[in-house]
1. Rounded to whole Hz and in sequence order, give me ³J(HN,Hα) for region A:225-232 from the Karplus expression 6.51 cos²θ - 1.76 cosθ + 1.60, θ = phi - 60°, writing x for Gly and Pro.
2. Return, for the Cα atoms of region A:388-443, the radius of gyration and Dmax in Å, separated by a comma.
3. Before rounding to the nearest 500, sum -39500 (n - 2.57) across all DSSP H runs of length at least 4 in chain B and divide by the residue total; then give [θ] at 222 nm in deg cm²/dmol.
4. Would you work out the Kirkwood radius for region A:1-91? I mean one over the mean of 1/r across all pairs of different Cα atoms, in Å.
5. From other protein chains only, count the Cβ atoms within 10 Å of every residue's Cβ in A:245-258, then give the mean.
6. Report the calculated FRET efficiency for residue A:6 and residue A:91 (r = Cβ-Cβ distance, R0 = 22 Å), to the nearest 0.05.
7. Using Cβ contacts closer than 10 Å as the measure, can you line up A:21, A:199, B:31, A:423 from fewest to most?
8. If you average 1/r over every pair of different alpha-carbon atoms in the protein assembly as shown and take one over that average, what Kirkwood value in Å do you get?
Amino acid sequence: MDLYVHPRFEVLRSEKKCICCRVCERQCANGAHGYDESAGTMESYDEKCVNCHRCVALCPTKALKIAETSHSFRQNANWSGHTIQELYLQANTGGVLLSSMGNPRPLPSYFDRILLNASQVTNPSIDPLREPMETRTFLGKKNQTVTRDTRGRLKDNMGAQLELRAPIMFSAMSLGSISYNAHASLANAARELGIFYNCGEGGLHKDFYKYGPNTIVQVASGRFGVHQPYLMAGAAVEIKMGQGAKPGIGGHLPGHKNMGQIAATRMTPEGSDAISPAPHHDIYSIEDLRQLVYSLKEATGNTKPIIVKIAAVHNVAAIASGVARSGADIIAIDGFRGGTGAAPTRIRDNVGIPIELALASVDQKLRDEGIRSDVSLVVGGSIRSSTDWVKAIALGADACYIATGALLALGCHLCRSCHTNLCNWGIATQRPDLVRRLNPEIGAEHLVNLIKAWQHELREIMGGMGINSVEALRGNRLMLRGVGMTREELDILGIKHAGL
Amino acid sequence: MTTIDAKALHFSQLGESLRALAGQEVQVKNCLGHRYIGAGISGISIDIDGIPGNALGAYLLEGSTIVTRGNAQDATGDTMSGGSIVIHGSTGDAVGYGMRGGSIFVKGNAGYRAGIHMKEFGEKCPKLVIGGKAGDFLGEYQAGGIIVVLGLNAKQGEPCVGRFCGTGQHGGKIFLRGGIVPNELPPQVFVKQTEPEDLEPIVPLLEQYAATFGVDLGMLKSSPYLLLTPNSANPYQSLYAQY
Ligand code: SF4
Ligand code: SF4
Ligand code: SF4
């Protein structure tokens, strides 16, 4: 007999309010609601609930709420109830624990312990409603030398660049890990916002080639959907070396999700697993990476900036320095809180380092070595608000990547069940009836609203600092102060403690 | 036929010249380690005199052909989606990495990790034929396509491929001439001696190999072959506990 694992959540239904309309039953793909014909009452199956709030949001009489179970083990500060239950599950199945979305553990957030500056009296603040504020950003290698033609005119020696109306992009999420409608929402929003979305490693659906000018296409070790027209379709090509949620671990789309359009887009046999291991089996050195970077440049006739995405791990500064020398135009760094459609839980929760520290040390290292202008830095791995965004730029980022935040704008409730293919919000699922729940037009509208709101906040914060362009905010660590940090933490971040 | 003397050219200059000649027949003379020749070009025909560098024919497209008279290096045909590459010598590591269409014929040997991550979908079925021997990890993570290793230079009783052949294979077919089971085959690979009907998909490949490199077709066709296929399209399904 299996070890008993108690349901994590309780479905609480107000008998008084419930009108037995059975909406919740139809809405819950996990099957946590049922109807007892003979008694004429609704039933709940707590063990199936993942706390996604779909039923709660759609119940017409607001009769539902979901609670974390109060059932508990004997108090033990070392063995939490959750840890015990996970152990039971492994004893029952012999399986590697699998979950999704970003690291939920209560590890310290550096963003939350950084405070921003504002001008007072001298160096007056700027009113962003009245004064122009430049948020346009160009990503790519910036040449440090000026060349002139025979008549002394400046020659354009700038390589391929990405032009963003504001320094933010939607980071890689593959078609397969998220739905067609989620991709359509991201693509539409990116176009309207003058920014970029990233199609991830699962290829680019034929319907989305038209969004190419606002698309970053990804090349991972499995090379799904990669052919020359794909490389040409995007505005930039990203080589995925690592992902913050699972550094050292590859991607693996289970065969049951690799069907129909997903398989066609990935160009792999339907129903077979789509495996993209962590190592590219042709890359064992920076020189090997350089070869892939240049083969992509050649295949695209040097028209696309090449991004290399790495996970924030120990020694990330030295790694980034190597990557900068590989010929990459942009380095994307993904922090340990970055999301995922599926990852071994233990890896997600224990491997990698915070993006704030990784970013600060990479920026510093590249400056020290005099190669900072050779690459742009894009960071992700939990940018949750406009202030995380501002702080990241002030720590040295040229732009930020958001993914979890973007999915939240599409209706995600962070139930961390993306790996089950049963996303009740139509985001992380390939089941047609569920995908239909996400309207791409409304999705895009929410994304546009979110980014516009953040842009307003960005301008307001910059105005408060007396800064009128993102350029002047970038790497401007004087605008940051730490609270409750050790000397070492402050040193790594390159900021002073508040009060100084 | 246009001739390019590559002697004084950097790979990026050679690449630029070749891209400008898409759709034409080109002879590259004095090739000396130039990388990325033919990368992502469609409808070109390149004949190489000399030694091409890494990533020959990467991302190659339909309608292109590359013939090289000497050896090729690493990552030949990386992620190619069509066309053909013919090597009148040997090639280095990771030949045909992630290829999803077209064909590669290697007269001699291939290094480690040949044909890894090969894919197929619908009409597109990539083919890699190696006349000599291949190193370790042949067909690792293969998801589709056909790999043939002829082992024409293998000694009596010696397997024509190295160790760990087909590790993580979850699709496609590997044919090994000579019928000798390679060392340290991973457990998820299913091995059988071929029946005549199993050889049907490779007969045209054998014909082409024999015609291109002047080898006796009858001998190739009458040899014993092993067929390696994965025993599951979902090798990692049972690895996880979802919650
Ligand atoms: S949706 Fe609300 S009212 Fe309808 S059956 Fe469920 S709990 Fe009752
Ligand atoms: S899984 Fe979601 S829809 Fe189903 S009962 Fe729980 S909260 Fe409601
Ligand atoms: S995308 Fe869907 S399944 Fe994943 S966390 Fe959000 S609501 Fe849950």
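1. Per-residue couplings from phi come out as x, 8, 8, 4, x, 5, 5, 6 Hz.
2. Cα-based Rg and Dmax for region A:388-443 come out at 14.5, 44 Å.
3. After summing the helix terms and dividing by residue count, I get -3000 deg cm²/dmol.
4. Final number for the Kirkwood radius of region A:1-91 is 14.6 Å.
5. Taking all residues of A:245-258 together, the mean is 2.
6. It comes to 0.90.
7. Final ranking by Cβ density, sparse to dense: A:21, B:31, A:199, A:423.
8. 27.8
Only the coordinates and a few stated rules stand behind these numbers; no lab work does. In this text the structure is predicted, and so the values were computed from the model without any measurement. No Cβ is skipped: glycine too gets one built from the backbone with ideal geometry, and neighbour counts run over all protein chains shown.
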